[in-house]
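The values are calculated or read from the model by the stated rules, or taken from the named source; none is laboratory data. These numbers come from a predicted model, not from an experiment. So basically every Cβ, Gly included, is an ideal-geometry build from the backbone, and we count neighbours across all protein chains shown.
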Amino acid sequence: MTERFDAEPRKTRRRARLLASTALLSLTVSAVSVSAQTACQDNLLPQPEECRRANGDIAVEMPVGENAETVETAPGTGFSSLGFSISIEGQTVAGALAPATPQRTTDRQAAAADIDVRYDGLIPATILNVSTSDLRASYQAGETVTFRASANYPAWIDRAEIIVYDMAAPGRGIVARIPTAPNGETEWTMPEDGSGELAYALRVYDSAGRYDETVALDLVRTSAAFETHATTGPVTAAGEAEDRTRRKTIPVRGGQVTISGGNVGTAVEVMGETVPVDPDGRFVISRILPPGDHVVTVKANGGSVVRDVNIPVSDWFYVGIADLTLGKRLDDDLIEADPDYEDTYVDGRLAGYAKGTTAAGYTITGSIDTGEGPIEDAFRRLGDRDPRRVIERMDPSNLYPTYGDDSTSYDDAPTSGRFYLKVAKEASSLTWGDFKSNIDGTTFLRQSRGLYGAELRYVTPSVTTNGDPRATVTLYAAQPDTLPQRDILRGTGGSVYFLSRQDINIGSETITVETIDPVTGRVVSRATLTEGVDYQINYLQGVLILTRPLGSSVDDGGLVTDGSGSLDANLVAQYEYTPTGGSLDGSSFGGRATIAATERLTFGVTALSETTGAADQRMTGVDVRYALGETSFIEAEIAQTDGPGIGRAFSTDGGLTITSDGIAGGGKAQAYRFDSRFDLVELGLSRPGFVQLYGERKDAGFSTLTEDIAEDQTLLGLKSEVEVSDRLTFGLDAETFDKDGGDRKDSAELRLTYDLTPVWSVEAGLAYLDQRILAEPEDTGRRTDLGLRLNYQPSDDLLLYVFGQSTLSTSGGIGRNDRLGVGFDTRLSEKLSLSGEVSDGDKGAGAKAKLSYRPTADNEVYLGYTLDPTRTGAAYELVGRDRGKIVMGGRYKYSDSVSTWTESGWDLYGERRSLARTYGVTYTPDARWTFSGGIESGTVRDSVNGDFDRDAVSLGMAYKGDGPVSARARLEYRTEDGEGLPQDRETWALSGGFEYKVNDNWRVLANLDALKSTSDQDSFLDGEYVEASLGYAYRPVDNERLNLLMRYTYLRDLPGADQVSANGTTEGPLQVSHVFSIDGNYDLSSRLTLGAKYGFRTSRIAERGTDLFDDNSAHLGIVRLDWNVVHKWDLLAEGRVLVTEGVATTDTGALLALYRHFGNNAKVGLGYEWGEVSDDLTDIDYTSSGLFLNLIAKF
C-alpha cells in the first residue's frame, strides 16, 4: 500500500475501492548523475551512503490510480523543508516521519488473518444452487430430507422455494413447494405413497414476480438404506459458492464483493451472516450489492476487519493499442516477381476493447480491430468480415491443453468482423457482431442460425403472474457469407458422429435431439444441447462427440411393441459453412414479437427472410396460446412459406454414409396446427390425469430451415391417462394420419393398469393399426394386437416384469406381431441403478439395458476437452422413458455472448461458475466414482436404404481421487447387419481423459477420442478418427524464474466417404499428423529473460483406398532475448530457423530492435530484420529484410 501526501493541508478523502491491482505513487525524485553503478548492495536497507546508481539521473513519474488512498494526517517533523516522505508499512525509510494511517492498520490486520476483500463491478455473476445437505440422492419413506439453498444476490430476492417434481407422472407434476430462505436449510419428509422417482430445484422470485430456477437434481425413494457414496472429502456446505442456474430472468445490477480467507478456525461471520469454513480452514463468500455505500465487516479469530465499500452507479474498464510500423526493404528475392512491389511501407493497426455500466443501468460492451495492414486501408478494413477469424481466435484445440494456472478465458465481444458493440439493459439488448438468431416459441418457424450483423431484443420489465414477460420483440438483420446446413443423424447407440461437412464455422452450430414418429414425421419432443455440457465438436474435421450415447429409438409409452422403440431418436445438427465458390450475395433478416393480452392469453407473430444467392425463402406466421393452468393450455398456429427450402442430409450410421435430400419446396404453402393439454386436477377434478388433443395440416411445398414437405398431409391425435381409482388407471392413444399420394395411418391403443396387491399389478392393452405405405407393401394392412404385462415390485428398489402380446387379427401384407419378453429395474446402490429387457417375436429379437448413475451436487468430473461420460439423471437423459420425452438440454448461461473454457476443459455446466474452486475452497467434495452403461439390440428403421439390425453396447466410468489424479473412460462397440453387404459394419469408439496435478506449480493433462468403423462391402467405405493430446505445464507460484508449456497432438482422420471437405469434394483422403511444441522462458536476471520455442509438425496424406502417403514435415526453432538495459530502454534479439524435410531446405532469420519508452503509454522502436521464416508452422511467407521503425501507444 502507498500513500500520497501534500505539503499544504487540504480536505482529503479516502476511497476504499477494493480493486485487485496495486496502488501507484506519483513522485518526482532528482539524484546525482553518474556514469556507472557503484558501492550499492541490493540486500541492504537503507543503501550505503556512497551508493550511486547508473540511472540515478532519471526522473520516474507514475500517475496516481483510483485505488490510491489519501490520508488526513500530515507527515511528521521535517516535511515542510524536505517536501517528501517515503514509508513502508508505517516505517519511515526516507524524508520526513510517516503519518498515522488507520486504514493500513486495518489492512495489516486483514493480511495477518489472511482475509481478502475484492470488488468487481463490471460483470456481477449471479450464483444460485441447491443440494441435499449430505449430498445424498436417495432416502427411505418417512426419512427427513434436508435441502441447502445458496444465492449470492439475496438483496434482489423477495422469496424462495424448493420445488419437488414427480418425474414418473405425466407432465412431471409438482409434488411439493417448500418455502426456504435464499441462503439456509429447510427440511422435508420423503412421502410413503406416490412415485419414488422425484427431482428437486430451487426457484427464487423478485418483487415483480420474475424468477430464476436451478437445474433439477434427482431425488429417489428407496426401501433399503444404501450406504452413502464415497466422496473425496467431508461435506462442509453442499453446493455453496457454486452455480447451477437453469433459468434466469431476475435483473441484477450493482457490484460483486468477494471475501475469502484462510487459517480462520471454524467460525467466520461476514456482514452478519455465518459463513461455512472448509476442513482446511478456508472460506469464500460473494455478495452482489446495489449501488451505494456499504460496510463489509468480517469477524474471525476473535477479531474483526471492517471495510467501507462504495458500489458506483457507473463503472468502466477499457484497453487499447495503436501500432504503426514504417519500413524500408533493403533486400527481397521476390522484387522482380511482384509488379506491385514497393521498397517502403507503412503498416498500422488500431484495436481496443471497452466494457462499462452507466448510471441509467445500461451495460455497454464494444471492441474494434482494424487488423494489421497498410495504414491507408485501416478504416476501410472495418467493413471486412471473415467467418474463419473466430476459429483462429477461439478454438481451444489450437491452444495448449493446459496452462498450469487454472485460468479461464472467454470472448466477451464475439465478431466475425472488425467491430463489435452490445448495449444491454436487464434482458433487453442491441448487438452488432456475432449472434444466434434464436427464434423460438413457434413450432413451424423456429430457427437458430449463427450470423454476423445486427440484433435487437426487447423484453418488458413487467411480467405475468407465471413470471413470463408481458411482451417481447426480437429483430435481426445480416448479410452472411455462409450457407446453412442441416444434418439429421439417427442415434447409433454411440456418441461419435460425423457431420456432412468439414471446416464448419465455429459457434454456428445448433445441436438438438428430436424424437419423431417415423411414419407421420411428427416431432414428439425436442431438446437443444449445449456445447461443453452435452457435446464437444471438432469444427475443422466435422466430428461431433456427445457426452453420453444416443440410442436409435425411444418407446412411446405403449404396451404393444415390436421389440424396438416406436419413435426414432435423431441428432439434428444445424450449422453454417463457408462455400468455396466465391462470395455470396445473400441476406438474412426477420423477427418475432409476443404480447400477453391477459394473464392467460398470449399472441405471437413471426416473419423471416433468407436469401442464399441461389434462392429466396420467406416465412410468416401467427400463433396464440391460452394458459389454463401451470401445465394446461390451448394453442394454435398458422404459417406460410414461399421458397424452395435448403434441403437436408440424412444418415443412420453416424454420418459414415450420408444421403442428401433434394429441395422439396417451391411457391407458397401453408401449415396449420393446434395443440391442447388439460390437467384434470388443474381443472378442478379430484382424480389426477390429463387429456391432450392435437392436429396438424401441412401443404405440399411448405419449407423452412427445419422442414421440407413434399405432399399435403393431415394429422389428428388424442392422448389421455386418468387415474380412475386408487388401483385402476386408464390410458388412451389415438392418431390418424393422411398424406396425398395414398399413404395413411390410423392407430389406437387402449390401456388399463390395475394394482392387484401392493406388490403385484397387471397391465392390459388393446392396439389397432390400419396403415397404407405404397412403397412398402409388406407394411400395408390392418392388425389388432392384445398385450399383457405382469409387474412384481416388492420394494422401491426392485421391479420385475414379464410381458407378452398376440395378434388377434391381421389383413393385407402386414405381418403378425406376437412377442414374449421379461425385464427388470433394480437399484444397486444409492446412485447406481440397472435396468434391462429382452424379448423375441415375429419382428425379431430385441434387447436393451442401461446402467444409470444419478448425479448429485458433487458430480464434478471433467477432464481434457470433454466431460464426465457418465452423467444422467433428472435434467440430463438424452432420451427418457416418459413417452419419448427428451429431458436433456437447456442452455444454462448468464450471457448471450460469453462461452467459458477453463484451462482443464469445458466447465461441467458450460458457463456454470464455481467460486469455491476458484479460491481453492472445498465446500462440496467430488464424487469418487461414477459409472454408466447401455445395451441396445433391435431393428433400425431406414426408409432410404432399408431396415437393418443393430447391436450396440457402451460402458463409461470416471474417477476423482483425494490426491492429484483424475481419470475417465468410455468404450463403445456396435455391429450393423442389413440385407446384403452395403449396411454391414463394425464400429469401435473409445474416449478417455487423465489429469495429474502434482501441486500448484505443474500438471499433466491427456485426452483421447477415437473411432474406427469397417465396412463389409468395401474398405473404401471405412471411417477412422483418432485425436489424442498430451499437455504439460510448469508454472511455479512462488518463483516464476522458469515457465514451461508443452503440447503433443496426434490426429488420424479418414472421414466418411460422403462427408464434404473444406474444398467442396467428397471421398476425402486419410490424414495423419503429429504436432509437438514446447515453449519456455527463463529469467537470467531481474533484467534479462531468455525465451525459446521448438515446434515439430509432420503431416501424411494418402488418397482414399491407398497406402501411398505424401509426407510434409517441418521443424521450427526460436530463441529470444529480452533485456531491460536501463529504465525506459529495452533491447530484444530473436533468431529463428525452419527446416522443411520434404524439400530439404533450411531457412533462417533474425530480428534486432531497441525500444525507448515515453511515459507509461507509448514506446518507439528501431530495428533490423532479415530471413525467410515465420513463427507459424503453417505459414511460410516471410521473405524480406530491412529496417523498420515501430511506434506503439497503449491505454
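Couple of notes before you dig in:
- Selection of segment 76-134 for residues being of a type in the set (A, V, I, L, M, F, W, C), modelled with pLDDT of 80 or more and closer than 30 Å to Gly292 by Cα yields Ile115, Val117, Ala125, Ile127, Leu128, Val130.
Residue-wise test of (1) surrounded by 15 or more Cβ atoms within 10 Å (Cβ to Cβ); (2) in a loop (DSSP other than H, G, I, E, B); (3) out of contact with any Leu (no Cβ under 7 Å at 6 or more places or on another chain).
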| position | (1), (2), (3) |
| --- | --- |
| Gly1080 | yes, no, no |
| Gly1091 | yes, no, yes |
| Gly1095 | yes, no, no |
| Arg1100 | yes, no, yes |
| Asp1110 | no, no, yes |
| Leu1116 | yes, no, no |
| Asp1130 | yes, no, yes |
| Gly1135 | yes, no, yes |
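- For the condition out of contact with any Phe, Trp or Tyr (no Cβ under 9 Å at 6 or more places or on another chain) and farther than 22 Å from Ile506 by Cβ, Glu1067 does not qualify.
- Residue ID - surrounded by the fewest Cβ atoms within 10 Å (Cβ to Cβ), chosen from residues in segment 248-283 that are free of Cβ contacts under 8 Å to residues at least 40 places away in the same chain and under 15 Å from Arg118 (Cβ atoms): Met271
- Considering segment 189-230, and only residues there that are of a type in the set (S, T, N, Q) and within 21 Å of Ser133 (Cα to Cα), the residue that is surrounded by the fewest Cβ atoms within 10 Å (Cβ to Cβ) turns out to be Thr189.
- Pair list, Cβ under 6 Å, 6 or more apart: segment 629-649 residue more than 15 Å from Gly590 (Cβ to Cβ) and assigned to a strand (DSSP E or B), other residue modelled with pLDDT of 95 or more and among the β-branched types (Val, Ile, Thr): Ala636/Val624; Ile638/Val622
- Sole residue being of a type in the set (Val, Ile, Thr) and buried (at least 17 other Cβ atoms within 10 Å of the Cβ), chosen from Thr807, Thr826: Thr807
- Residue in segment 656-667 that is in a strand (DSSP E or B), at pLDDT below 95 and either closer than 23 Å to Ala168 by Cα or β-branched (Val, Ile, Thr) (or both) present: yes
- Any hit, segment 1040-1054, residues being out of contact with any helix residue (DSSP H, G or I) (no Cβ under 7 Å at 6 or more places or on another chain) and more than 28 Å from Leu1116 (Cα to Cα): no
- Segment 966-982 - residue that is closer than 18 Å to Asp1018 by Cα, surrounded by fewer than 17 Cβ atoms within 10 Å (Cβ to Cβ) and not hydrophobic (A, V, I, L, M, F, W, C) and, of those, modelled with the lowest pLDDT: Gly980
- Picking from residues in segment 591-635 that are under 26 Å from Thr464 (Cβ atoms), surrounded by 20 or more Cβ atoms within 10 Å (Cβ to Cβ) and among the charged types (D, E, K, R), the one that is nearest to the chain's Cα centre (by Cα) is Arg592.
- Residues in segment 305-333 that are more than 30 Å from Asn1161 (Cα to Cα), among the acidic types (Asp, Glu) and in contact with a strand residue (DSSP E or B) (Cβ under 8 Å, 6 or more places away or on another chain): Asp308, Asp331, Asp332.
- A single member of Ile516, Ile488 is under 30 Å from Gly804 (Cα atoms), crowded, with 20+ Cβ neighbours inside 10 Å and touching a Lys or Arg at 6+ places or on another chain (Cβ under 8 Å), and it is Ile516.
- Wholly enclosed strands (runs of 3 or more DSSP E) of segment 346-455 bearing at least 1 residues polar (S, T, N, Q), under 30 Å from Pro290 (Cα atoms) and at pLDDT 75 or above: 363-369, 428-436
- Any chance Ala916 is at negative phi, of a type outside the set (Ser, Thr, Tyr) and modelled with pLDDT of 80 or more: no
- Matching residues in segment 202-251 - criterion: being in a loop (DSSP other than H, G, I, E, B) and of a type in the set (D, E, K, R): Asp206, Arg210, Glu227, Glu240, Asp243, Arg244, Lys248
- Single match in Thr757, Thr753, Thr810 (criterion: farther than 30 Å from Leu828 by Cα and among the β-branched types (Val, Ile, Thr)): Thr810
- For segment 520-532, the count of residues that are without any contact (Cβ under 8 Å) to a residue 40 or more places away in the chain, at negative phi and buried (at least 21 other Cβ atoms within 10 Å of the Cβ) is zero.
- Taking segment 700-717 as the range and being crowded, with 17+ Cβ neighbours inside 10 Å, of a type outside the set (S, T, N, Q) and within 19 Å of Glu735 (Cα to Cα) as the test, the residues that pass are Leu715, Gly717.
- Residues that are β-branched (Val, Ile, Thr), in contact with an Asp or Glu (Cβ under 9 Å, 6 or more places away or on another chain) and over 26 Å from Met619 (Cβ atoms) within segment 649-708 comprise Thr652, Thr657, Ile658, Val691, listed in sequence order.
- For segment 714-727, the count of residues that are aliphatic (A, V, I, L, M) and under 30 Å from Arg449 (Cα atoms) is at least one.
A quick yes/no check of all residues on (1) within 22 Å of Gly441 (Cα to Cα); (2) at pLDDT below 85; (3) of a type in the set (Lys, Arg); (4) over 20 Å from the mean Cα position of the chain (by Cα):
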position	(1), (2), (3), (4)
Ser495	no, no, no, no
Ile511	yes, no, no, no
Ile516	yes, no, no, yes
Arg522	yes, yes, yes, yes
Val533	no, yes, no, no
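- Filtering Ser304, Ser286 for residues that are within 30 Å of the chain's Cα centre (by Cα) and either loosely packed, with under 14 Cβ neighbours inside 10 Å or among the hydroxyl-bearing types (Ser, Thr, Tyr) (or both) leaves a single hit, Ser286.
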